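Worksheet: one structure, shown below.
The numbers here are math on the coordinates, done by the rules we state, and not lab data. Since the structure is predicted, the reported quantities are computational estimates derived from the model, not experimental observations. Ideal geometry is used to build each Cβ from the backbone, glycine not excepted, and the neighbour counts take in all protein chains shown.
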Amino acid sequence: MKDADVKNLTDIVGADWIITDLEQKSAYFYDEIERALRPVANEQSIVVKPKNTEELSAIMAYAYEQEIPVVIRGGGTGLCGGATPVVESLILSMERFKKIIQIDEDNMMAELEAGVTLRELLDELEGHKGIAFPVHPGDEGAQIGGMVTTNAGGARAVRHGIMRNHIKGLEVVLPDGEVLKLGGRLLKDNAGYSLMNLLTGSEGTLAAITKVILRLYPEDKYSATLAIAFADMDQASAAVLEIIKSGVSPLAVEYQDKKLNLETAAYLGLHWPLDEGEADLMIILSERSEAALYLACEQIEAICRKHQAVKAVYAGTKKEQAELLMIRSGSYEIIQELIAHNLDMAVPPARVPEFMRGLRKLAEKYGTRTNIVAHIADGNVHNDILLEDGKIPAFTPDLLKEMYELCFQLGGTITGEHGVGKLRLADLKLQKNNRELELMKQIKKIFDPKGILNPGTVVQIDGCNKN
Amino acid sequence: MNVIVLIKEVPDMDTVRFDTENGRVDRSSAEAEINPFDLNALQAAVELKEQGATVTVLTMGPPRAEKTVRDAYARGADLGVLLSDSKFGGADTWATSVTLAAGIKKLGAFDLVLCGEKSVDGDTAQVGAEIAEILGIPHAYYVEHIQNVSKDSIQVRVEDICGSKQVRELTLPALISVTKNLNTVQLPEIRRKLLSLNVPITKFGLEDMAGHTSQEQVGLKGSKTKVLKIYVPAEIQRNNRIYRDHFNQFQKNVWAELCKRNLLPNRGDQHEII
Amino acid sequence: MKSSENLLVFAECNKEGIHPVAFELLAKGKELCEKSGSALHCLVLGNQDTEILDLQELNIRGADEVFYIKDDCFTWAEECLYKENIVPFIRERNPHTVLFGATNFGRSLAPRVAAALQTGLTADCTNLTMDEDGRLIQIRPAFSNNILAHIKTLSYPQIATIRYKEFQEAERDEAREAKLTVLEAYRKAYEGATVLESLREQEFDITKAEVVVSGGRGIKRKEDLQMLQELAELLGGELGVSRALVDGGMISSAHQIGYSGNRVKPKVYIACGISGAPQHIAGMKDADLIIAINKDPSAPIFKFADYGYVGNLYEVIPQMISGIKNGVQGGEFG
């Protein structure tokens, strides 16, 4: 970065809010992607922390004029390298956009600045009895703006869908610095193309998000977590499909390999209740009344019995539920250091058993194994390619390609919720046809003609790629 | 074999709030549940069902505690009994022990009474031994292992009594209080949970227990101790200096504190601290 | 009813001697006796010779009279038999107050004695005072240590168990006159309970440690506890753990710190990779100084810490260990 740029940017945000020291700024280079998969950060990049839309707009206008790449950084909890600057960039950290503008109880909407974290939103809602926000990508350090720009998913999508379903309005800053307001506190808004939906999931490549209006929902007070073991995956999957069809609406339906469940439980000093069977499901229920909760349990129990579940247990207290969830979410820590590649494919829900079988067979073919966890009712499967002797095995690209091919055969996608980022830039071409990719590039060029926003993410266009 | 498990309904201690100003426990802030320590006692009883035991859970509490009794049924108890009467209100541990002992007598013949190490709300851990004394049966506390249960005796291993573990044999009937190390609490089966919602629960009031106890012996009247006041103590104020990247700074401060307490090795030496 | 003018302290002992909580009870007992003008008595049950057990130490620490019920039936402590002997003793001597240490044995024995005497008991007290009428005000925590209650006993004797390490040990006064009465056992057997075996493996007692270095879920393998053990040893302390590691089979529950486990009150508590669940906090929050190391800056343990470091314990602990070692050699820290 040129001295003049640093000086001009300092004039905008003040000396306290710009970081040029390598040791300090390196904390802003990466997201939560596995070390082995990290794109290499350009260490010349610097960090700027605007305090509001005006400052952000001024920075953006300056960067646009000078053709300096800009990478917008939220909570850094992404899993596809989206937040890493691969060319010399301005890292625009949103950490000062902390204001919760209003919890509008009448319209059941929340208006927030983009840097508010999910945890902060949930804490705020604690003070508004009976109101909740349902999307939960797992890491509560995620910022709302980041959740919008990545169209976050998570386990609770079964009932509530993904982030996109809950975004009602945005304030964004375009690459040239102009501020745009999209949508509003509206449940119906059919005026023209929905740019708001286009920006949702655009991974910081089209505009910077500064404010968000989210829809809120009545809180469900009664919850339970069911753990159910089936003889095999086909039975488990058939039960899940039937549960969804029956009208029961679980918050989450999670699958995890039994091996992972048992190992994680042992590591955490907890107890996994299902020792029998081959396929373990965890179903989280959340209802407005106790009667509704038990009715859902009854329906699920009957369906699972029909599909020959071998064991079905009920966790009712907060602690019991939390412990089961810890086993489900703690597994990553056990396998983290063993992973060469982590996948996020999704297939139509009914194809899941076939898909899992195929993935296992492929791993076997290459003389390895694959760990599988899945948001099974969504058809979203996370599996991995394992390191061998601590190294990325040479067959990784071939195995990955075969796994993708299997996914496409079943009508699937290479990423269900993590996004393309920098990790899957090349892979996207395997899934999308040329015309679709070309349209994406055209759209990118319309928003960002000089290509300053998050270069190397989602689509590659010619621009100020100073590599 | 008739096994009685004593349980208590307590608020969930992870969420219950304390009103510092008025010295009150805000019970509405948390869900009521079975005292976590009692779950190990219940689990032990349910495991004895394999040897033909019948398990009865017994609790004293307000009518809403029926829910807790149902939960115990879901977790494997065969019968649930709730001792509930406005006259039981305000009982200290002694009056509680008298009431529960009367409930046990009312139920008739029994072989074993099981209870948890302590309750998370009262923390007293004294009701078990008091009941054993009232019933005139042997007791053992801090049981971490149960072995050799026969028709008229039970062998248990107790934790840390005067510095050692002991294996004891108790003649039945007896009362044992178990620790969390005894077993792993299992989750109830969904089916049994659903059944528990409608299972009949036995309720005894003071009149039902006539002949075993009286109004003078229970509740506030029967209590031998009186709570004068309750307050929420101020938390110890901690320094709360949290470091992140400056390890040396952290270490320097810690060393200084350790030195102040003469805890660093070679403590006679002169060390330069800062 | 209150008829005598003495206060009784029960002193628990084993082959290693008298449990130090007895000396703390004597300190408190002396203070209460001065207020009420009563004599301080001490009761011991055991089978050892008086010299070996060093009962004189109880006089030196303030007991006006020590009573020793000596018999081989007390080789192994068992509450029911102890109760059978303590109850008639109390009936004879009529103390207005009886204090037990809230050790495992004391917690099990005291309610049995109180019930036999049909009197009130206040368990696990952390302080005692006396009002103008000579009534004991017993202060005890409840709700997992979150509230404090002041409790009065309406009957006599007033019985309480007192937590270990709440009071300073009574000061020694070697000039005090020794007064020891050895008594015959009132009853030599209790048919309902027999000790078959005493397993002397549990000599390790973490509640006595001055420094505790504890590990929690942040510890990945059993071998890694060695590192904490080393740090503990360098500081003259002991290794503690949170419940998860006991459940995970890494170590015996004698090392477990928490509400279910051991409650410790050391000079320094170093929590490594412990998030600070309420269950654990209840077992260590009274430590004089608390140091926490955790990689998660939002871990609740930091709220209870005097000093905290956000970082990987696998990097921090070895640095601390070498820091201590090098500091000693080089004569300089930091």
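For the pair A:Val310/A:Glu105, report the inter-label distance in nm, with labels modelled 7 Å from Cα in the Cβ direction.
5.1
Compute the Rg/Rh shape ratio of the range C:33-186: radius of gyration over Kirkwood radius, all on alpha-carbon atoms.
Answer for the range C:33-186: 0.95.
Within 10 Å, at most 12 other Cβ atoms, and a DSSP state outside H, G, I, E, B define an exposed site. Report the longest part of chain A free of exposed trypsin sites (Lys or Arg not before Pro).
The longest such stretch corresponds to A:189-467.
Just how far, in whole angstrom, is the range C:49-88 from the range A:133-202 if you go by their alpha carbon centroids?
Here the answer is 75 Å between Cα centres.
If you add up the charges near A:Glu23, with Lys and Arg at +1 and Asp and Glu at -1, over every other residue whose beta carbon is less than 13 angstrom from its beta carbon, what do you get?
The answer is -1.
In a solvent-free Debye calculation with one equal scatterer on each Cα, what is log10 I(q)/I(0) for the range B:4-55 at q = 0.23, 0.32 Å⁻¹, listed in the order of the q values?
Values, matching the q order: -0.82, -1.12.
List the longest stretch of chain A that has no exposed loop site; here a site is one of the GluC sites (Glu not before Pro) assigned by DSSP to anything other than H, G, I, E or B, with at most 13 other Cβ within 10 Å.
The answer is A:277-467.
May I have the convex hull volume per residue, in Å³, for the Cα set of the protein assembly as shown?
Value for the protein assembly as shown: 192 Å³ per residue.
Within a Cβ distance under 10 Å of A:Ser237, other residues only, what is the Lys/Arg minus Asp/Glu net charge?
Once positives and negatives cancel, what remains is -3.
Defining a contact as two alpha carbons under 8 Å apart and six or more residues distant in sequence, what relative contact order in percent does the range C:6-183 show?
Once divided by the residue count of the range C:6-183, the mean separation gives 30 percent.
How far, in degrees from 0 to 90, does helix C:21-36 lean away from the longest principal axis of the Cα atoms of chain C, to the nearest 10?
50
Over chain A, what is the relative contact order in whole percent, taking alpha-carbon pairs under 8 Å and six or more residues apart?
17
Quick one: check the C-alpha center-to-center distance for the range B:128-185 versus the range C:158-217, whole angstrom.
20
First check a/c for chain C, with a ≥ b ≥ c the square roots of the eigenvalues of its C-alpha gyration tensor; if it is under 1.5, answer rounded, and if not, answer prolate when a/b is larger than b/c or oblate otherwise.
prolate
Can you give the FRET efficiency to the nearest 0.05 for A:Phe408 and A:Leu186, using r as the Cβ-Cβ distance and R₀ = 56 Å?
0.90
Over the whole of A:261-270, what's the average partner chain Cβ count within 10 Å per residue? Rounded to a whole number, please.
3
Taking Cα centroids, how far is the range A:439-453 from the range B:1-25 in Å?
First find each Cα centre; the distance between them is then 61 Å.
Counting only DSSP beta bridges with both residues in chain A, what percent are antiparallel, rounded to the nearest 5?
About 85 percent, rounded to the nearest 5.
Where does the charge balance sit around A:Glu95 when Lys and Arg score +1, Asp and Glu -1, over other residues with C-beta under 11 Å from its C-beta?
+4
Could you tell me what percent of the DSSP beta bridges with both partners in chain B are antiparallel, to the nearest 5?
Around 40 percent of the beta bridges assigned by DSSP in chain B are antiparallel ones.
Could you quote the convex hull projected area for the range C:213-334, Cα atoms only and averaged over all directions, in nm²?
6.9
Provide, in order from the shortest bin, the percent of all Cα-Cα pairs of chain B in each 5 Å bin, continuing until the bin that contains the maximum pair distance.
Values per bin, smallest distances first: 1, 5, 10, 14, 15, 13, 10, 8, 6, 4, 5, 4, 3, 1, 0, 0.
So how tilted is helix C:79-93 from the main axis of chain C? Cα-based, degrees 0 to 90, rounded to 10.
Between helix and principal axis, roughly 50 degrees.
Quick check: the angle from helix A:233-245's long axis to the longest principal axis of chain A, C-alpha only, nearest 10 degrees?
70
What value in Å³ per residue do you get for the convex hull of the alpha-carbon atoms in the range A:222-334?
Given the Cα convex hull of the range A:222-334, per-residue volume reads 85 Å³.
Per residue of B:30-39, what is the mean number of Cβ atoms on other protein chains within 10 angstrom of that residue's Cβ?
The shielding value for this peptide is 2.
From other protein chains only, count the Cβ atoms within 10 Å of every residue's Cβ in B:232-244, then give the mean.
6
Which value at 222 nm does the protein assembly as shown reach when only helices count, each DSSP H run of 4 or more adding -39,500 (n - 2.57), with the total divided by all residues and rounded to the nearest 500 deg cm²/dmol?
Helices in the protein assembly as shown give a 222 nm mean residue ellipticity of -9000 deg cm²/dmol.
Please figure out what share of the DSSP beta bridges in the protein assembly as shown is antiparallel and state it in percent, rounded to the nearest 5.
Around 55 percent of the beta bridges assigned by DSSP in the protein assembly as shown are antiparallel ones.
For C:Lys28, which lysines qualify as cross-link partners when the Cα separation must be under 24 Å and same-chain residues fewer than eight apart are set aside?
Within reach: B:Lys224, B:Lys226, B:Lys229, C:Lys2, C:Lys83, C:Lys152, C:Lys165, C:Lys179, C:Lys208, C:Lys265, C:Lys267, C:Lys285.
Work out how far the C-alpha atoms of the range A:338-409 reach from end to end along every principal axis, then list the three figures in whole Å, largest first.
Rounded to whole Å, the extents work out to 35, 20, 15 Å.
What percentages, rounded to whole numbers, describe P(r) for chain A computed over all alpha carbon pairs with 20 Å bin width beginning at zero?
Bins of 20 Å from zero give 23, 55, 21, 1 percent of pairs.
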